[in-house]
Amino acid sequence: MRGAVFLGNRRIEIRSFPDPTPGPGEVVIQMKASGMCGSDLKFYRPPPGEAQKALGLGGNAEPFIAGHEPCGVVVARGPGVAEREAPIGQRVMDHHYAGCGVCGHCRVGWSQLCRTGITVYGVTAHGGHAEYLKVPARTLVPLPDELSFAEGAAVACGTGTAFGALRRMRLAGGQTLAVFGQGPVGLSATLLGAKMGARVIAVDINADRIALAKQFGADVALDAGKTDVEKEIKDLTRGEGVDLSLECSSAPAARLAAVRVTKTWGTACYVGEGGQVTLDVSPDLLRRQITLIGSWTFSAMGMAECARFIADSGIRLERIFTHRWTLDQAGEAYKVFDAQAAGKGVIEF
C-alpha cells in the first residue's frame, strides 16, 4: 500500500508499505476518507518527534503515516475478533486512540486518558493517510448510513471535538456562545452550536473563515484583527458577556479574550492544543465565578453520539470541506492547509 509520511519541517513523502495483516484483536480498514485536522500542522511543521514530546506523547522521531481522522470499510479481521464485532464491509470511523484496554478510562471509551500509555494513530503510529489502516477492533465506531465517508472523517476528530466541548459546557437553546477560531474545529462548533439553538458569535482573523462562519450559522462574525473583540462582544450582550465561550485556536490572546468575554457564572472552554496563556486570576476568574474547562477530544461513545446527532438533525456536514484531495496530492494539500486560510481538507480514496 501507499501512505503519506510526515518527515518533519513541512515535508511529506508518499511511500510504499506492506499491506497490513491484522493480529489478535485487530482489524484492517480500507480507507475511504482521511480528514485533515488543525492538530496535524503541529506535527507537519517541526522536526520529527518535537511536537509529540511537547504534547506529552513521547519523543518518537520515526517518520509515520499521517492522518488521525480515519473513515472507511472493514476488510479483514484478526484472531479473536468476532464477526458481530467487525462485520466485513461495515462502514466505520475510528476512535484513533488505543490504551491498555482494561483500566477504568479505557473501559468507558476514554482510552486517550489511559495512564499506562497510549497509541495515537496518525501521531505516534501509522494513521489514515494511506490505503489501509490496522487498528484494534475496540476502537471502531459504526458510521451511520446517512453520513458520507468524508463526514465520518470530520466526526473522527475535528467535529467530534467541537461536539464534545459543547456537551461538556451543557449548551442549551437560547444561550449565547462565542467561538474563537474558525478553523475546522471552530467552524464545526459554530455549525453545531447554531443547530443546538445558541446565538453564535464567531471570531477569527481571516476574512475567508469569517465568511464561512456566517454561512455556517453565526449570528455575528468578528474580525479580531480589525476590532476590539472584547468590547464588541460586551456591546452585543448589553455589557454582560456570553454564557459560553469556546477557544479553538490556541492563540494566547484568544484564550485570554475567551475568558474575559464570558459573563459572571458563565463557562469558558479551551480545546486548542499546545501553547500558554496568562490570566489575572482574581478579576478574570474568581470574582466572576467563571468555570474554566479543558476539553480533549471525546470518548468513543461520544463520537457515536455526535455522528447520530448530525444524521438525525439533517446537518450537511459536507459543507465544511473547502478542499478535497487524492493521496498523491498530499504534499500540495498540506501546503494549502498550512496557510490556515480556508475550511477543512480531506484526502479521499
Suppose we keep only residues that are charged (D, E, K, R) and in a strand (DSSP E or B) within region 90-141. Which one would you say is farthest from Leu55 (Cα to Cα)?
Arg91
The residue from Leu317, Leu327 that alone is open to solvent by less than 20 Å² (accessible area, probe 1.4 Å), in contact (Cβ under 8 Å) with a residue 40 or more places away in the chain and within 27 Å of Val220 (Cβ to Cβ) is Leu317
Could you list, in sequence order, the residues of region 226-255 that are in contact with a helix residue (DSSP H, G or I) (Cβ under 8 Å, 6 or more places away or on another chain) and farther than 15 Å from Arg199 by Cα?
Val229, Glu230, Glu247, Cys248, Ser249
Counted residues, region 142-172 - those being outside any helix (DSSP H, G or I) and either open to solvent by 20 Å² or more (accessible area, probe 1.4 Å) or among the charged types (D, E, K, R) (or both):
7
Might you let me know whether region 103-112 holds any residue that is out of contact with any helix residue (DSSP H, G or I) (no Cβ under 8 Å at 6 or more places or on another chain), small (Gly, Ala, Ser) and closer than 12 Å to Arg138 by Cβ?
no
Which residue, of Ile233, Ile201, is open to solvent by less than 20 Å² (accessible area, probe 1.4 Å) and part of a helix (DSSP H, G or I)?
Ile233
Hits in region 239-255 (condition: hydrophobic (A, V, I, L, M, F, W, C), open to solvent by 10 Å² or more (accessible area, probe 1.4 Å) and more than 17 Å from the chain's Cα centre (by Cα))
Ala253, Ala254
Within region 276-304, take every residue that is outside any loop (DSSP other than H, G, I, E, B) and of a type in the set (S, T, N, Q) and give me the one that is farthest from the chain's Cα centre (by Cα).
Ser282
Among the listed residues Ala207, Ala221, identify the single one that is open to solvent by less than 70 Å² (accessible area, probe 1.4 Å) and either among the aliphatic types (A, V, I, L, M) or without any contact (Cβ under 8 Å) to a residue 24 or more places away in the chain (or both).
Ala221
Would you pick out the residues in region 286-303 that are open to solvent by less than 40 Å² (accessible area, probe 1.4 Å), more than 17 Å from Val185 (Cα to Cα) and in contact (Cβ under 8 Å) with a residue 60 or more places away in the chain?
Ala300
Residue satisfying condition, being modelled with pLDDT under 95, buried (at least 16 other Cβ atoms within 10 Å of the Cβ), aliphatic (A, V, I, L, M) and in contact with an Asp or Glu (Cβ under 7 Å, 6 or more places away or on another chain), within set Ala342, Ala258, Ala311
Ala342
Hey, can you tell me all the residues within region 225-240 that are touching a strand residue (DSSP E or B) at 6+ places or on another chain (Cβ under 8 Å) and closer than 14 Å to Val203 by Cβ?
Val229, Glu232, Ile233, Leu236, Thr237
Give me the residue from region 1-50 that is touching a helix residue (DSSP H, G or I) at 6+ places or on another chain (Cβ under 8 Å), of a type in the set (A, V, I, L, M) and within 23 Å of Thr326 (Cβ to Cβ) and, out of that set, surrounded by the most Cβ atoms within 10 Å (Cβ to Cβ).
Met36
Taking region 64-89, which residues are open to solvent by 50 Å² or more (accessible area, probe 1.4 Å), within 19 Å of Gly127 (Cα to Cα) and either aliphatic (A, V, I, L, M) or part of a loop (DSSP other than H, G, I, E, B) (or both)?
Val75
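The values are calculated or read from the model by the stated rules, or taken from the named source; none is laboratory data. Predicted, not measured: the structure shown is a model, and the values here were computed from it. Note that we place each Cβ from the backbone using ideal geometry, even for glycine, and neighbour counts take in every protein chain shown. Surface areas here come from the heavy atoms of the whole protein model, side chains and all, with no ligands, DNA or RNA. Shrake-Rupley method; radii C 1.70, N 1.55, O 1.52, S 1.80 Å.
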